[in-house]
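Participant: Sharing a structure, written as structure tokens. Questions coming.
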Amino acid sequence: MYGRKGYQLLKDFASGEKGQLKPFNSKLFDETIEECDQNHHLMQSLMRKMQQEDLDVQNSRNADHYGALIHHLSLMRNKRCLMAYVYNRAEIVRDLAWRVGLELLDLPSEIQEKLTSLEKEYFKNHSVTLKSYMGKVGIELNVDMVPPKDPYIKVRILDDIDEGIVLSDKTTNFARHSMHFLKRTDAEPYIARGQMEELTD
């Protein structure tokens, strides 16, 4: 009743692995909103009671005033928790565009299942903005997030990849478990999707 649901919502978010999404907890999210409504109605009820008793709501310091204050503070705490929950999930969604790829279909299905329809829309809009900016400046900003030591890397194919993929300098077929020496910029999208792994000596 006094900000507990918002606390539980953030605790649920924090219990996940850092940087990873859990399914959107719509049950707890809705319960937090319901608790906000309860706080609002009770606060309004106490303020009306004070007005009916001809008390100055701003300056009177009786039990009803402090009760209304507690409901107000609980309401504000829950609202901050709701905003923090949505904001932190949005940060992870934005990060996915940088790390995995700019197309929603690039995201593994287990990640897509954890996104709400609004989060998918947010991902698409963020990706469109990034693509537009990168097109204007002529630089792919979402590759080489860590400066590479070598422009070429050795990779092993982990999952089936469509045949006849054209890379920047050659056309090749990727058979499962085969190893290749590729440009880092060509391999990074497949590594992010879990279809390749970088081999280090």
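The values are calculated or read from the model by the stated rules, or taken from the named source; none is laboratory data. On a predicted model such as this, the values are computed, not experimentally measured, just so you know. Don't worry about glycine lacking a Cβ; one is built from the backbone with ideal geometry, like all the others, and counts go over all protein chains shown. When the accessible area is computed, the model is the full protein with side chains, heavy atoms only, and any ligands, DNA or RNA have been set aside. Shrake-Rupley method; radii C 1.70, N 1.55, O 1.52, S 1.80 Å.
Participant: So, for the range 25-155, what is the accessible surface per residue at a probe of 1.4 Å, expressed in square angstrom?
Facilitator: 64
Participant: Still on this structure, I have one more. Give the cross-link partners of K136 among the lysines, using a straight C-alpha distance below 23 Å as the criterion and excluding same-chain residues fewer than 8 apart.
Facilitator: Result set, ordered by chain and number: K124.
Participant: Right, something else. In the structure displayed, which of K114/K154; K22/K120; K22/K149; K5/K49 lie more than 23 Å apart, Cα to Cα?
Facilitator: Beyond 23 Å between Cα atoms: K114/K154; K22/K149; K5/K49.
Participant: Could you work out the relative contact order of the chain? I mean the mean sequence separation of Cα pairs under 8 Å and 6+ apart, divided by the number of residues, in percent.
Facilitator: In percent, rounded to a whole number, it is 18.
Participant: Working with all protein chains in place, sort Y2, Y190 by solvent-accessible area computed with a 1.4 Å probe, largest first.
Facilitator: In descending accessible area the options line up as Y2, Y190.
Participant: What are the radius of gyration and Dmax of the chain, computed over its Cα atoms and given in Å?
Facilitator: 25.4, 84
Participant: Next up: Can you list residues from other chains, or at least 5 along the same chain, whose modelled amide H is less than 5 Å from the amide H of E103?
Facilitator: When sequence neighbours closer than 5 places are left aside, there are no close amide H contacts.
Participant: Rounded to the nearest percent, how much of the accessible area of the chain (1.4 Å probe, protein heavy atoms only) is carbon and sulfur?
Facilitator: Here carbon and sulfur together make up 53 percent of the probe-accessible area.
Participant: Follow-up question, since we're still on this one. Compute the helix-to-body angle for 4-14: its Cα long axis versus the longest principal axis of the chain, expressed 0 to 90° and rounded to tens.
Facilitator: 10
Participant: Pairwise over distinct Cα atoms, reciprocal of the mean inverse distance: report the Kirkwood radius of the range 37-142 in Å, one decimal place.
Facilitator: Here the Kirkwood hydrodynamic radius works out to 17.4 Å.
Participant: Could I ask something else about it? To the nearest 10 square angstrom, what accessible area does H65 show with a 1.4 Å probe?
Facilitator: 30
Participant: Next up: Which value, in debye to the nearest 20, describes the size of the charge dipole of the chain about its Cα centre when Lys and Arg Cβ atoms bear +1, Asp and Glu Cβ atoms bear -1, and nothing else is charged?
Facilitator: The calculated dipole for the chain is roughly 460 debye.
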